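Novice: Can you read through this structure? Questions will come right after.
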Amino acid sequence: MAQEAATKPQKSFDIIVNKKHVPVSDHSMTGLEIKQAAISAGVAIELSFQLAEIKNKKRKIIGDSDTVGVKEGSEFVATSGDDNS
């Protein structure tokens with residue numbers, strides 16, 4: 001009640017990780033936060049996986065401590081270190 005009014009509600013939106021929808025509410029996230037959100041949403045990845053952002057059909061590696069801007073539909077792929085696909 002009073003607590004709810006005190007905290008500003010953040011609107012959630014979906015990003016895509018490994019072709020699965022992942023709800024987030026922050027427009028600035030680290031690579032680690034993106035992987036944690038994906039795992040919480042049931043995406044079958046591990047924190048040790050390498051994360052890459054897909055933009056214009058190109059992949060940009062995102063490190064765990066790298067901050068990236070995200071919006072509705074931002075797309076990422078997470079792969080294990082030994083995946084050469």
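The values are calculated or read from the model by the stated rules, or taken from the named source; none is laboratory data. Treat the numbers as computed from the prediction; the structure is a model and nothing was measured. Heads up, the Cβs are rebuilt from the backbone with ideal geometry, glycines too, and the neighbour counts pull from every protein chain shown.
Novice: For I45, are the conditions met, namely being modelled with pLDDT of 95 or more, more than 14 Å from S12 (Cα to Cα), β-branched (V, I, T) and in a loop (DSSP other than H, G, I, E, B)?
Specialist: Against the criterion (modelled with pLDDT of 95 or more, more than 14 Å from S12 (Cα to Cα), β-branched (V, I, T) and in a loop (DSSP other than H, G, I, E, B)), I45 qualifies.
Novice: Look at segment 35-59 and say how many of its residues are of a type in the set (D, E, K, R) and surrounded by 13 or more Cβ atoms within 10 Å (Cβ to Cβ).
Specialist: Here is the first cut: in segment 35-59, the residues of a type in the set (D, E, K, R) are 35, 46, 53, 55, 57-59.
Okay, now just the ones that are also surrounded by 13 or more Cβ atoms within 10 Å (Cβ to Cβ), so 35, 53, 59.
Of the residues in that region, 3 qualify.
Novice: Applying the selection to segment 66-85, what residues are hydroxyl-bearing (S, T, Y), touching a strand residue (DSSP E or B) at 6+ places or on another chain (Cβ under 6 Å) and farther than 21 Å from Q10 by Cβ?
Specialist: T79
Novice: If you go through segment 60-70 one residue at a time, how many are surrounded by 10 or more Cβ atoms within 10 Å (Cβ to Cβ) and outside any strand (DSSP E or B)?
Specialist: Matching residues across segment 60-70 total 4.
Novice: Something else: Of all residues in segment 1-30, count the ones that are modelled with pLDDT of 85 or more and outside any loop (DSSP other than H, G, I, E, B). Quick ask: steps written out before the conclusion?
Specialist: From segment 1-30, those modelled with pLDDT of 85 or more are 11-30; that's our starting set.
Still in the running and outside any loop (DSSP other than H, G, I, E, B): 13-17, 20-24, 28-30.
Residues meeting the conditions: 13.
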